[in-house]
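What follows is a short report on a single structure.
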Amino acid sequence: MLDAMFDGILLLGDPTALLYLTVGMVVGIILGFLPGLGGLATLALLMPFMFGMEPVHGLALILGAYGAVSFGGSVTAILTKTPGTGEQVVTTFDGYPMTQQGKGARAVGVSAAASAFGGLFGVIIVFITIPLARQIITLMRPPELFALALLGIMALGLLDARTPAKGIISGALGLMLSFVGFDPVTGVSRMTFGNLSLYDGFGITAITMGLFAVVEMFHIYAKGVSIAGDTRVSLSKEKGYRVLDGVLDVVKRWKLMVQCGFIGAAAGVIPGMGGGIAMFFSYGYARSRSSDPESFGKGNVEGIIGPESANNAKEGGSLVPTLTFGIPGSSGMALFIGALLLLGFTPGPDMVRDNLDIVFLIAWLIAISNLIASFIGVGMAPMLARATFLKPEVIAPPLIAIALIGSFIEMRLLIGMTIAVVFAFVGYVLRNTGYSNAGLTLGFVLGPLLDRNLNISLQAYGWSAFLRPITLTILVLAASLILAPRIKRWIARRAERLATGQEGSIEDANSVVTLDD
Amino acid sequence: MTDRRVELIVGGVLLVAGLAYIGVMSTYPYRARIVPIIVTVVMLGAVVWDLVSTAMTGRKRQGGGEDGQPQDGKNVSGGTAVDDREFVDVFRGESGRRLAFIAGWTVLFLLAVRAFGFAPAAGIWTLVFFLLNRVRLVTAVITSAVIGLGTYALLELLLNIPATDGFLFDAVASVSEAAATVRSQ
């Protein structure tokens, strides 16, 4: 096993492989800046170039790009509230408020350091868990996956919306929208009304661009101030505003980084869980253990460290089921299997047995591309952060144009742009009436997972699916998210009433004593 | 119009939309409709709960009770906290005019794409926005050229999607083709 690990890294000693890795990373970072071109699209774009390539070169090219693309998306999520992919919406929660305070460079520094670490951590997880993977995966059945998806949607909606009811509505709306289109379970086309453009449902990029990027541009243009508001441009060079401060923030909170990296890697190991759940759970976890949970959503660095560390660790984790069983751990990994087949490898137990050096080469490539992309990102952050001080008249039209074209690219249909514009208007109203656009997005992202697993659970287990021990525990946890704040408030009010009552009785007793005296 | 009334209207729209959604979903086979219907019923329950609590909050406020502020000072969608009057105020005065302008520009951008194709629309429409907002001419021309050329490179060269196909250019091409045919005859 150790030999294979070293053989894997030795394969990277070839200068041509390193050149392909660099080219892949540059492509990845550039594509990461363009909304709609996430890891999936990046892999799809680069696959035609892989024909006839040496396996090591081909892998270096696509994994260099794949590892770097998520960091590009994080930068745009932080600086312009334009997440590169739907799941990166979590990074906007605290990243964007930091940018609004003039701390965009620092936030990018936090993201870069956390991403680099997350990538490395994910790879360590690959090294450790490949032998244990089979046992872990078999624990998660459809009822458990359904319950986890539900927990993710509920928790994000409740955290982000103004009231619990609005949080539930936001998540449910996202789910309802995700049900539009072809249902792979039954083969029925739902809510399309004969429109073939909606056969594949609404595009996630179109919805995300509408709800976040375009809405934000409407907001800053209507206000007439730059993204960073009235803060001075020179702030990005002062202490507390620099990229270096962001990196130091992460070093100081290394425990949180490790814990969230673990959450991300664990989510990656479970097929079909996706990055959305990993990022959300780590955000919730970071908030729950923070000494200042109230500042989450207002620019707390821990709100970036958690999701970013988890998101990149997830990629390493998702390699485990992909390579050991041929089950893609994420949508990106589904395409990566195709790329491996092009290069002559068939993921599965045979690959682990016969090409263990290639398995570890893949893990090393993901780690290295994450690390180098983060260094490049740190170098570019001050320059990128200056964009947030531009007038809204200058920044809004190009970003809206890019967002709408990104919406088109995903669906390859003009209706993608129309969907983005419709959701921009809907999102503007929902955002300002207390609903959670993030909850809606997560509901939409996790909708197919929830639909498929709830359907299979009901078929296979009936209603007793919800009584399975792990499922029940997760569902109780989800219910407690709604009830816990109310119970806490009720206890606090009761304690206050009791204290007031006791004070009253003590005062009464004192007055009695006084009278007696 | 107050924010509370807007919230009640949005709640009402969601209620009607949810009922319509259930109505359409119920026409599909059992396995295709069961999950969407469960989700919609949960949403409708939450909408009713929200409508009742919003209405009650307003009544309490009128009676000098609670102020109806967001619970625990929560943010909305990770953005700025919306105070009780801010949203309706956005539509008034200068901010309302600016919001209407950018919304109109965005909708017309869709039409521009159909008319000119992606790359010319991205360039021309961005330039129009800049000029109407009195952005410096050099900045406006350079930025819109970069956007237009970037769109062309991305779509036409990288993704093999026609970036200059629009009905206006198609019409011009058809007219010139017809003219050439007439001339040759």
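A few remarks follow.
- Residues (crowded, with 21+ Cβ neighbours inside 10 Å and of a type in the set (A, V, I, L, M)) located in region A:136-149: A:LEU145, A:ALA147, A:LEU148, A:ALA149
- Condition check for A:SER436: small (Gly, Ala, Ser) and more than 10 Å from chain B (Cβ to nearest Cβ): no
- All told, B:VAL88 meets the bar of being surrounded by 14 or more Cβ atoms within 10 Å (Cβ to Cβ) and either modelled with pLDDT under 90 or among the hydroxyl-bearing types (Ser, Thr, Tyr) (or both).
- Answer residue from region A:401-433, given it is at the interface with chain B (Cβ under 8 Å from one of its Cβ atoms) and surrounded by fewer than 19 Cβ atoms within 10 Å (Cβ to Cβ) and is farthest from B:ALA100 (Cα to Cα) among those: A:ARG412
- Taken together, the residues in region A:254-283 that are surrounded by fewer than 22 Cβ atoms within 10 Å (Cβ to Cβ), in contact with a helix residue (DSSP H, G or I) (Cβ under 6 Å, 6 or more places away or on another chain) and at pLDDT 85 or above amount to 1.
- Among residues of region B:128-144 that are over 9 Å from A:VAL394 (Cβ atoms), those with a beta-carbon under 7 Å from a residue that is hydroxyl-bearing (Ser, Thr, Tyr) at least six positions away or on a different chain give the pairs B:SER144/B:THR126.
- Some residue of region A:444-462 being crowded, with 18+ Cβ neighbours inside 10 Å and under 30 Å from B:ALA121 (Cβ atoms): yes
- Among the candidates B:PHE101, B:PHE167, B:PHE116, residue that is aromatic (Phe, Trp, Tyr) and closer than 28 Å to A:TYR96 by Cβ: B:PHE101
- Taking the criterion of being facing chain A (nearest Cβ under 7 Å) and of a type in the set (D, E, K, R), the only residue of region B:23-48 that qualifies is B:ARG31.
- Failed condition for A:GLY203, given (1) modelled with pLDDT under 85; (2) over 18 Å from A:VAL422 (Cβ atoms); (3) in contact with a Leu (Cβ under 9 Å, 6 or more places away or on another chain): (2)
- Per this entry, A:ALA396 is counted among residues that are aliphatic (A, V, I, L, M) and at pLDDT 80 or above.
- Condition broken by A:LEU198, with the remaining ones in (1) in contact (Cβ under 8 Å) with a residue 60 or more places away in the chain; (2) within 7 Å of chain B (Cβ to nearest Cβ); (3) aliphatic (A, V, I, L, M); (4) in contact with a strand residue (DSSP E or B) (Cβ under 8 Å, 6 or more places away or on another chain) satisfied: (2)
- Looking at region B:85-185, the helices (runs of 4 or more DSSP H) lying wholly inside it that each contain 2 or more residues that are within 11 Å of chain A (Cβ to nearest Cβ) sit at B:86-90, B:93-116, B:118-132, B:137-152.
- From the list A:ALA424, A:ALA420, A:ALA403, the one residue that fits, being of a type in the set (A, V, I, L, M), touching a Phe, Trp or Tyr at 6+ places or on another chain (Cβ under 8 Å) and on the phi < 0 side of the Ramachandran plot, is A:ALA424.
- Residue list for region A:463-489, filter: surrounded by 12 or more Cβ atoms within 10 Å (Cβ to Cβ), assigned to a helix (DSSP H, G or I) and of a type in the set (D, E, K, R): A:ARG489
- Number of the condition not met by B:PRO29 [criteria: (1) surrounded by 14 or more Cβ atoms within 10 Å (Cβ to Cβ); (2) more than 27 Å from the chain's Cα centre (by Cα)]: (1)
- Unmet requirement for A:LEU211, which otherwise passes all of (1) under 22 Å from B:GLY18 (Cβ atoms); (2) surrounded by fewer than 22 Cβ atoms within 10 Å (Cβ to Cβ): (2)
- Scanning region A:57-103 for residues that are within 12 Å of chain B (Cβ to nearest Cβ) and surrounded by fewer than 24 Cβ atoms within 10 Å (Cβ to Cβ), we see that the one that is farthest from A:PHE212 (Cα to Cα) is A:GLN101.
For every residue, the table says whether it meets (1) of a type in the set (A, V, I, L, M); (2) under 25 Å from the mean Cα position of the chain (by Cα); (3) modelled with pLDDT under 80.
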{"site": "A:ASN355", "(1), (2), (3)": "no, no, no"}
{"site": "A:ILE366", "(1), (2), (3)": "yes, yes, no"}
{"site": "A:GLY377", "(1), (2), (3)": "no, yes, yes"}
{"site": "A:PRO382", "(1), (2), (3)": "no, yes, yes"}
{"site": "A:PHE389", "(1), (2), (3)": "no, no, yes"}
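- Residues that are modelled with pLDDT of 75 or more and surrounded by 24 or more Cβ atoms within 10 Å (Cβ to Cβ), drawn from region A:221-242: A:TYR221
- Residue selection: A:GLY303 fails the criterion of being out of contact with any Pro (no Cβ under 8 Å at 6 or more places or on another chain) and over 26 Å from A:ILE227 (Cα atoms).
- For region A:161-195, the candidate set comprises residues that are β-branched (Val, Ile, Thr) and more than 8 Å from every other protein chain (Cβ to nearest Cβ); within that set, the residue that is surrounded by the fewest Cβ atoms within 10 Å (Cβ to Cβ) is A:THR192.
The values are calculated or read from the model by the stated rules, or taken from the named source; none is laboratory data. What you are looking at is a predicted structure, and each value in this text was computed from that prediction instead of being measured. With ideal geometry, Cβ positions are generated from the backbone for all residues, glycine too; neighbour counts draw on all protein chains shown.
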